Amino acid sequence: MYQAFRFDKVDLPPGTEALRQEVRAFLADWAPRWSPWDKGHSWSGFDRDFSRAVGARGWIGMAWPRDHGGAGRSMLERYVVIEEMLAAGAPVGAHWISDRQSGPLILRLGTEAQRSKYLPEIIRGEACFCIGLSEPDAGSDLAAVRSRAEPVTGGWRLNGRKIWTTNAHLSDYMIALVRTEGTVADRHKGLSQFIVRMDAPGVSIRQIADMTGEAHFNEVTFDDVMLEPGALIGAAGDGWEQVTAELAFERSGPDRFLSSFPALAMLVEASRDPDRLASRAIGQMVAELAVLRGMSLSVAGMLQDGLMPNTEAVVVKELGVELEQRTPELVRAVAGGAGGAIEGGLSEIQAALLQLTPTFSLRGGTREIVRGIIARGLGLR
């Protein structure tokens, strides 16, 4: 039955403006180290020193309970920190997935031993996680998982492959969705999640170069990788429900519409006296950003209340990606209009985004997948 999407207005709590200024002052000390090219890579930019500095300020795991090492702050306070870092083009990739997804999963479903081991490392900015979901020959069909973990004496034996795994070559751990029972025909049944050490014997990583010549994506192969009993997260067979719950965190955050924001900010700075058409184009994008931010904040509020707004998160993801992918074209149209050249740092960040934005629609599910989820939410399928 059709049910309207829910995007209630959410106001930021008292004290967030002071926190925002604190984050901006922190970022101002780091910003001179980042070129426009670096800012174009923001969420995938990998800098362990920066992540450790963020951890030292208490800004990783900041919404987690104090008895597990977190700062006990709200999801909305965390939201302010994240949007300031993305707006500045900070390199958050070394702690991004750990803070957004892996840590909350371990906090919610992990054993006490898992929490004691991994959460302090994440909070200090020292543990980088990657997510093992997609597999070769499966396309966007996440349920077509063939990688398998079999119970053996002393734990589990893992075999299989994962692909398009962001920063796997730089990560310490992977949380992998694999099959523990049945076959691919069983679809969502028999799937489980495991923590895999990336330096474990039998784990091999092949980087996949993109059109920029860089290689953030990877193919990871598991060849008789031995996992200890404590590597299983949650209950065996509950992997599908666990991973779909995670996707609400992955799909709704400000990274879904701010990945290209530094270019827009630079464009506004460079357009001191824009003509009527340029003003309209920039104003339209700023208006869209304001709406997306309100929708994303609404999802953050629902997550804080313990809800799982998976469909609303997908809407934010789809609309945000579409806007982000238009940003380099806006820069070209305004700064390089009438055949003019785009100059300086604006040219550098525009070039980076022009090559990177096609990959944005792969993050958190392809456009075909997320539009199918939206259609189901609208009662169209």
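Can you tell me which residue within the range 31-57, out of those that are part of a helix (DSSP H, G or I) and touching a Leu at 6+ places or on another chain (Cβ under 9 Å), is surrounded by the fewest Cβ atoms within 10 Å (Cβ to Cβ)?
That would be 48.
For the list (1) assigned to a helix (DSSP H, G or I); (2) aliphatic (A, V, I, L, M); (3) crowded, with 22+ Cβ neighbours inside 10 Å, I need the number of the one condition that residue 145 fails.
(1) is the only condition that residue 145 fails.
Could you go through the range 268-286 and let me know if any residue there is touching a strand residue (DSSP E or B) at 6+ places or on another chain (Cβ under 9 Å), of a type outside the set (A, V, I, L, M, F, W, C) and in contact (Cβ under 8 Å) with a residue 12 or more places away in the chain.
So far as the range 268-286 goes, no, none of its residues is touching a strand residue (DSSP E or B) at 6+ places or on another chain (Cβ under 9 Å), of a type outside the set (A, V, I, L, M, F, W, C) and in contact (Cβ under 8 Å) with a residue 12 or more places away in the chain.
Between a first residue in the range 19-37 that is in contact (Cβ under 8 Å) with a residue 60 or more places away in the chain and a second residue that is open to solvent by 60 Å² or more (accessible area, probe 1.4 Å) and not small (Gly, Ala, Ser), which pairs have beta carbons less than 7 Å apart while being 6 or more apart in sequence or on different chains?
Listed pairs, sorted by first residue: 35/348; 36/348; 37/348.
Given (1) closer than 14 Å to residue 7 by Cα; (2) touching a residue at least 60 places away in the same chain (Cβ under 8 Å); (3) crowded, with 16+ Cβ neighbours inside 10 Å; (4) not hydroxyl-bearing (Ser, Thr, Tyr), where does residue 292 come up short, assuming only one miss?
(2)
Within the range 58-85, restricting attention to residues that are under 30 Å from residue 217 (Cβ atoms) and assigned to a loop (DSSP other than H, G, I, E, B), which residue is most open to solvent (accessible area, probe 1.4 Å)?
Restricting to residues being under 30 Å from residue 217 (Cβ atoms) and assigned to a loop (DSSP other than H, G, I, E, B), the top hit is 63.
From 27, 12, which residue is of a type outside the set (Ser, Thr, Tyr) and assigned to a helix (DSSP H, G or I)? Break it down into steps so the answer makes sense when it comes.
Values: 12 fails: assigned to a helix (DSSP H, G or I).
Among 27, 12, only 27 is of a type outside the set (Ser, Thr, Tyr) and assigned to a helix (DSSP H, G or I).
Looking for whichever is modelled with pLDDT of 90 or more, open to solvent by 10 Å² or more (accessible area, probe 1.4 Å) and among the aliphatic types (A, V, I, L, M) here; the options are 215, 281. Which one fits?
Being modelled with pLDDT of 90 or more, open to solvent by 10 Å² or more (accessible area, probe 1.4 Å) and among the aliphatic types (A, V, I, L, M) holds for just one of 215, 281, which is 281.
Just to verify a result, which residue in the range 191-212, among those that are part of a loop (DSSP other than H, G, I, E, B) and modelled with pLDDT under 95, is most open to solvent (accessible area, probe 1.4 Å)?
In this case the residue turns out to be 211.
Among the listed residues 150, 121, 126, 135, identify the single one that is assigned to a helix (DSSP H, G or I) and either among the acidic types (Asp, Glu) or farther than 22 Å from residue 199 by Cβ (or both).
Result: 121 is the single residue among 150, 121, 126, 135 that is assigned to a helix (DSSP H, G or I) and either among the acidic types (Asp, Glu) or farther than 22 Å from residue 199 by Cβ (or both).
State which residue pairs qualify: first residue more than 13 Å from residue 258 (Cβ to Cβ) and modelled with pLDDT under 95 and inside the range 61-88, second residue of a type in the set (S, T, N, Q) and open to solvent by 30 Å² or more (accessible area, probe 1.4 Å) in any location, beta carbons under 8 Å apart, and separation of 6 or more residues or different chains.
Sorted first by the residue in the range 61-88, then by its partner, the pairs are 63/304; 74/304; 75/304; 76/304.
In the range 259-270, what count of residues is obtained for those that are out of contact with any Ser or Thr (no Cβ under 8 Å at 6 or more places or on another chain) and either surrounded by 24 or more Cβ atoms within 10 Å (Cβ to Cβ) or farther than 13 Å from residue 88 by Cβ (or both)?
4
Which of (1) in contact with a Gly (Cβ under 7 Å, 6 or more places away or on another chain); (2) buried (at least 22 other Cβ atoms within 10 Å of the Cβ); (3) modelled with pLDDT under 90; (4) not charged (D, E, K, R) is the odd one out, the single condition residue 311 does not satisfy?
(2)
Residues checked against (1) β-branched (Val, Ile, Thr); (2) farther than 30 Å from residue 15 by Cα; (3) more than 19 Å from the chain's Cα centre (by Cα):
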site: 90; (1), (2), (3): no, no, no
site: 98; (1), (2), (3): no, no, no
site: 106; (1), (2), (3): yes, no, no
site: 109; (1), (2), (3): no, yes, yes
site: 117; (1), (2), (3): no, yes, yes
site: 130; (1), (2), (3): no, yes, no
site: 138; (1), (2), (3): no, yes, yes
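Here is a check on your reading of the model: is residue 23 under 15 Å from the mean Cα position of the chain (by Cα), more than 27 Å from residue 235 (Cα to Cα) and at pLDDT 95 or above?
Answer is no for this residue.
Can you tell me which of (1) farther than 26 Å from residue 346 by Cα; (2) open to solvent by less than 20 Å² (accessible area, probe 1.4 Å); (3) β-branched (Val, Ile, Thr) is the one residue 123 doesn't meet?
That leaves (2) as the condition not met.
Out of all the residues in the range 1-26, which are among the aliphatic types (A, V, I, L, M) and either more than 21 Å from residue 259 (Cβ to Cβ) or surrounded by fewer than 19 Cβ atoms within 10 Å (Cβ to Cβ) (or both)?
1, 4, 10, 12, 18, 19, 25, listed by residue number.
The values are calculated or read from the model by the stated rules, or taken from the named source; none is laboratory data. Quick caveat: nothing in here was measured; it's all calculated off a predicted structure. Positions of Cβ are generated from backbone atoms using ideal geometry, with glycine treated the same way; all protein chains shown enter the neighbour counts. These accessible areas exclude ligands, DNA and RNA; they are computed on the full protein's heavy atoms, side chains included. Shrake-Rupley method; radii C 1.70, N 1.55, O 1.52, S 1.80 Å.
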